[in-house]
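*Asks:* The following block contains the structure, expressed as structure tokens.
The values are calculated or read from the model by the stated rules, or taken from the named source; none is laboratory data. Since this is a predicted model, take the numbers as computed values, not measurements. Cβ placement follows ideal geometry from the backbone for every residue including glycine, while neighbour counts extend to all protein chains displayed. What goes into the accessible areas is simple: the full protein's heavy atoms, side chains included, and nothing from ligands, DNA or RNA. Shrake-Rupley method; radii C 1.70, N 1.55, O 1.52, S 1.80 Å.
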Amino acid sequence: MRAIRVHRHGGPEVLEYEEVPVPEPGAGEALVRIAASGVNFIDVYHREGRYPTRLPFTPGSEAAGVIEKVGPDVREVAPGARVAYAMHLGSYAQYAVVPERLLVSVPHGIDDRTAAGAILQGMTAHYLTHSTYPIRPGDTVLVHAAAGGMGLLLCQLAKRAGARVIGTVSTEEKAAVARQAGADETILYSKADFEAETRRLTNGRGVDVVYDSVGKTTFEKSLGALRLRGMMVLFGAASGPVPPVDLQILNARGSLYVTRPTLGHYTADRAELLWRAGDVLRWVADGTLRLTIGGTYPLADAARAHRDLEGRATVGKLLLLPD
Ligand code: NDP
């Protein structure tokens, strides 16, 4: 089969398109023929070595496809079933072996590309808005990179929960896309001081929660954009990791809360995974949640997809197609 392989950490050029053997499923595992693989920022962190991975490896943490065969002790899925999964390395390939406990069935009416594009970021937007900080009607929320894959889903779910949504974006084009997804106001954080602008938009009060996936360049001002006892949800590092923080700043800025959550810990047991995946796929099927696929690339062009994502050139979700 064809797969993208990483033999050394580095830039997009280390993503090599190679012939490798089709893997064999072991106990509790299934072999999935991949129809589409989602591109996520975590793939960049793996490629660069920011998140430790043993070399060589096949990147990619999310896909949808069809079960080709199953190993011993697999009970819930059978060959021919349509499935999607997230948070398991190796999806930039024609086939991947995946533990059964991570697989969810894809309902009729949702095509493979939509399932592949919705599962990881959809479950993330779900836990961020329902569990990390359960949004209440009347809350005001700040979403950074609001036209990105995560951003567009967060805007929609925050709006659905009854919040006023302020989104930051780098261009006017992205601002228009974020507003279509439910952002009430947008701030061009590449030009304006988003902390001051957020304070102005909230009459000096600040927002109830910041969803910050940009990290290094936004973290400190995000704290300044919060209300007293507001919640800072740092869930990514698109601009780089946040340097060490003196916790005293939380007192000085208003008895703030900070958390750094990750999807794996919010889908740690099967029931929780099925709850979030079930909600996301149902909302996508009934139109409650709109997935914007901003670009599709042949699997061989994974490096170009990474360059576009890191270059801030994309909106919504990117997919790799193996055939
Ligand atoms: P996006 O589509 O959001 O792309 C990243 C966006 O970040 C860019 O389009 C850009 O938007 C913005 N950005 C700001 N500064 C930079 C910079 N220096 N370099 C690159 N981009 C920058 O990506 P994803 O939707 O895949 O992921 C968004 C974030 O969510 C990532 O940080 C990822 O790690 C995180 N994430 C976290 C999860 C978790 O459970 N913790 C799970 C899933 C994703 P603009 O041009 O508008 O500034």
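*Asks:* Measuring from the lowest to the highest alpha carbon on each principal axis, how far does the stretch 221-271 reach, largest first, in angstroms?
*Replies:* 40, 24, 17
*Asks:* How much accessible area per residue does the chain have, counting only protein heavy atoms and a probe of 1.4 Å, in square angstrom?
*Replies:* Counting only protein heavy atoms, the per-residue value for the chain is 42 Å².
*Asks:* For the Cα atoms of the chain, what angle does the longest principal axis make with the long axis of helix 112-127, in degrees from 0 to 90, nearest 10?
*Replies:* Tilt relative to the chain: about 40 degrees.
*Asks:* Compute the distance in nm between two label points, each set 7 Å from the Cα along the Cα-to-Cβ direction, one at Ala81 and one at Ser190.
*Replies:* 4.4
*Asks:* Further question: Could you work out [θ]222 nm for the chain from helices alone, using -39500 (n - 2.57) per DSSP H run of at least four and dividing by all its residues? Round to the nearest 500 deg cm²/dmol.
*Replies:* Helix-only estimate at 222 nm: -8000 deg cm²/dmol.
*Asks:* Computed on alpha carbon atoms, what radius of gyration and Dmax characterise the stretch 241-292, expressed in Å?
*Replies:* 17.4, 46
*Asks:* Three principal axis extents, largest first, for the C-alpha atoms of the stretch 188-323, in Å?
*Replies:* If we take the Cα atoms of the stretch 188-323, the spans are 54, 38, 30 Å.
*Asks:* Also: Where the only charges are on Cβ atoms (+1 Lys, Arg; -1 Asp, Glu), what is the dipole of the chain about its Cα centre, to the nearest 20 debye? Before the final figure, lay out each step's value.
*Replies:* Numbers: 36 positive and 35 negative charges, 170 e Å.
The dipole magnitude comes to about 820 debye.
*Asks:* Ignoring ligands, DNA and RNA, what percent of the 1.4 Å accessible area of the chain is carbon and sulfur?
*Replies:* 51
*Asks:* Farthest toward the dipole's positive end in the chain, which of Ile135, Leu250, Gly90, given Cβ charges of +1 (Lys, Arg) and -1 (Asp, Glu) about the Cα centre?
*Replies:* Toward the positive end, the furthest listed residue is Leu250.
*Asks:* Another question, then. What does the convex hull of the Cα atoms of the chain come to per residue, in Å³, rounded to a whole number?
*Replies:* 124
*Asks:* Under a point-charge model restricted to the Cβ atoms of Lys and Arg (+1) and Asp and Glu (-1), what is the dipole moment magnitude of the stretch 1-100 relative to its Cα centre, in debye to the nearest 20?
*Replies:* Around 100 debye, computed over the stretch 1-100.
*Asks:* Could you work out how much longer the chain between Glu272 and Gln248 gets when fully extended? Use 0.36 nm per residue separation minus the Cα distance between them, nm to one decimal.
*Replies:* Values: separation 24, 0.36 × 24 = 8.64 nm, distance 3.45 nm.
Here the answer is 5.2 nm.
*Asks:* Same structure, new question: Where does the Debye-calculated log10 I(q)/I(0) of the stretch 112-244 sit at q = 0.13, 0.14, 0.16, 0.19 Å⁻¹, using only Cα point scatterers of equal weight, no solvent?
*Replies:* Calculated log10 I(q)/I(0) at the listed q: -0.47, -0.54, -0.72, -1.04.
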